[in-house]
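Asks: Okay, here's the structure, questions in a sec.
The values are calculated or read from the model by the stated rules, or taken from the named source; none is laboratory data. Please read all numbers here as calculations on a predicted model, not as lab measurements. Positions of Cβ are backbone-derived with ideal geometry, glycine not excepted, and every protein chain shown enters the neighbour counts. Accessible surface areas use protein heavy atoms only, side chains included; no ligands, DNA or RNA. Shrake-Rupley method; radii C 1.70, N 1.55, O 1.52, S 1.80 Å.
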Amino acid sequence: ETLLVDRPPLEWLAVLAAYDATLTFMTPDEEQTQFSLSETTAVAGEQAHNLHHGLVMSLFIPDMADGTAIGSALIARTPAADPIVNAAVAVQMNSEDNTVHSAIAALGGIKPSPVLEVLSLGELYKQPLTPAAIAHVAEGVTQVVKPEGNYLGSAAYRQAMAGVVVRRALEDAAAQL
């Protein structure tokens with residue numbers, strides 16, 4: 001039911017979105033709806049309204065396959081504060097040649113909460129998860145995201161920090177692998 005609050009914990013929501021968790025909830029009209037949290041429109045607009053007025057029926061988190069890691073990182077003013085920008089990545093490696101099979105990043109703090117920006121990190125596919133590859137992808141993230149600013153951080157600051165948190169999250173995942 002943490003997803004029902006106006007400001008759900010972005011770190012938790014990002015990890016669930018990066019790992020493609022599926023939520024089933026009942027709307028106020030008693031209609032069951034199921035969607036993947038990696039679909040950014042799913043946590044925005046009408047479905048977000050229904051979440052606030054509905055009942056969570058189930059949350060399905062896929063089994064973590066061998067060679068998979070989830071990394072996360074955030075930037076906040078204090079350790080107890082909500083993140084200004086955060087990221088979670090799910091990376092799956094190909095066991096045959098130790099290259100990236102898939103990589104998904106979910107970023108919070110880019111748009112008004114709880115909307116996440118979910119990105120496929122296709123530039124990592126079929127290559128080793130090296131520091132140079134991680135740095136290249138993180139730089140690409142800063143070119144792709146178009147954040148909105150507020151009193152916690154300008155759009156330019158959030159854009160720069162999006163690349164930083166994706167890099168740190170990928171480094172976290174690489175250390176696990």
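Asks: I'm checking my understanding of the structure. Among residues of segment 95-149 that are of a type in the set (A, V, I, L, M, F, W, C) and part of a loop (DSSP other than H, G, I, E, B), which one is nearest to the chain's Cα centre (by Cα)?
Replies: Applying the filter and picking the extreme gives 116.
Asks: Taking the options 174, 138, name whichever one is aliphatic (A, V, I, L, M) and open to solvent by 30 Å² or more (accessible area, probe 1.4 Å).
Replies: Answer to the check: 174.
Asks: For segment 146-160, how many residues are over 18 Å from residue 106 (Cα atoms), exposed (fewer than 15 other Cβ atoms within 10 Å of the Cβ) and of a type in the set (A, V, I, L, M, F, W, C)?
Replies: 1
Asks: Would you confirm whether any residue within segment 42-50 is modelled with pLDDT under 90, surrounded by fewer than 18 Cβ atoms within 10 Å (Cβ to Cβ) and within 15 Å of the chain's Cα centre (by Cα)?
Replies: yes
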